[in-house]
Amino acid sequence: MSVFNSSRLLGKTVLVTGASSGIGAATAVLFAKGGSNVIVTARRADALQKVVERCVAAHREAGAQCGGKFVAIPFDVSDKNQVASFPDKIPAELRRIDILVNNAGYVVGVDRVGDISLENMEGMFATNVFGLIALTQLFVKDFRERGTGHIINIGSIAGKEAYAGGSIYCATKHALHAFTAALMREVVDTPIRVTEIQPGMVETEFSIIRYRGDKTAADKVYDGLQPLVAEDIAEEIVWAASRPPHVNIAELFVLPVNQASATITYRSKA
């Protein structure tokens, strides 16, 4: 038996949200390398097309004989009307989704309670919680009818431990954790698998968005330690998806070696 058996991914159709960069893009590319078909979604059409090109290249380089169908569908998961019409945009040959990776999510600002704008509150909940739930509801019915399917939600250490300056983001990730846990219990009488991946510090565009484009401030978050990168989390997602059908990785909490909690890290002064 190989250490990482990806044969169960061959020919599977995977839908990855928030796939224009970071964890979502890396996940799409790794599934492509594993012989899956991949649908990538996000708001940025140009960035999505580049991810599709990376998927094509990864699939070709791996010499995969299955899968190989890659489609970009730009849409905003926070827009309920766009979510409702989304299934109609999927090409007919890819509508039997096998794996849903709910990766779309973001945080903006480090404002404290009393100074948080209503717009930012609504935006984070609309994407991180309501959009995720709405999209999951679209596909879980089909999963039930077909007796198959895997829902992988990308949570966060913020869903396990709240911290100052992140009240709204932490609230959204706590909500995601509760929703995922309840969903797993609701489908326990089916073959549907439900997984939550909970990363700690990952260096992607995430922090740049949090600091409203201030890359210098974003870079300081990782000073003195080696954070995770998008490919680290992508590998955990694809690994969880490739387990035998009777194995469900319910939760996977992933930290860089020098992080012990949301607020406890070791930073080298060298």
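Rule-based calculations on the coordinates, nothing more; no lab input. Keep in mind it's a predicted model, so treat the numbers as computed, not measured. Cβ coordinates were reconstructed from backbone atoms using ideal geometry, including for glycine residues, and neighbour counts include every protein chain displayed.
The table below lists the values:
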quantity: Residues 17, 27 arranged by fewest to most Cβ contacts within 10 Å; calculated: 17, 27
quantity: Spin-label pair residue 89/residue 217, simplified geometry with 7 Å Cα→Cβ offset, distance in nm; calculated: 3.1
quantity: Part-to-part distance (alpha-carbon centres) for segment 233-270 and segment 178-219, which is given in Å; calculated: 11
quantity: Relative contact order of segment 128-270, defined on C-alpha pairs under 8 angstrom at six or more residues apart (%); calculated: 27
quantity: For the chain, share of DSSP beta bridges that run antiparallel, in % to the nearest 5; calculated: 5
quantity: Among 171, 62, 162: highest mean-square fluctuation, GNM of the chain, C-alpha pairs under 10 Å; calculated: 62
quantity: Hz values of 3J(HN,Hα) by residue in segment 208-217 - Karplus curve (6.51, -1.76, 1.60), Gly and Pro given as x; calculated: 5, 5, 4, 9, 6, x, 7, 5, 4, 5
quantity: GNM flexibility winner over the chain from 85, 36, 156 (Cα, springs under 10 Å); calculated: 85
quantity: Distance violations [Cα-Cα > 30 Å] among 69/220; 80/215; 141/215; 12/89; 89/215; 12/173; calculated: 69/220; 80/215; 141/215; 89/215
quantity: Sorted by Cβ density within 10 Å, fewest first, the residues 70, 179; calculated: 179, 70
quantity: Contour minus Cα-Cα distance for residue 10 and residue 122 (0.36 nm per residue); calculated: 36.4 nm
quantity: Value of relative contact order over the chain, rounded to a whole percent, pairs C-alpha under 8 Å and six or more apart; calculated: 19
quantity: Gain on full stretching of the segment that runs from residue 161 to residue 188 - 0.36 nm per residue minus C-alpha separation; calculated: 7.1 nm
quantity: Potential extension, residue 146-residue 79 segment - 0.36 nm per residue separation minus Cα distance; calculated: 21.4 nm
quantity: Residue order, fewest to most surrounding Cβ atoms within 10 angstrom, among 55, 66, 170; calculated: 66, 170, 55
quantity: Positive-end extreme of charge dipole, the chain - chosen from 18, 100, 124 (charges on Cβ); calculated: 100
quantity: 5 angstrom amide H check on residue 104, placed H, neighbours 5+ away; calculated: 17, 18
quantity: Kirkwood-based shape ratio for segment 7-254, expressed as Rg/Rh from alpha carbons; calculated: 0.95
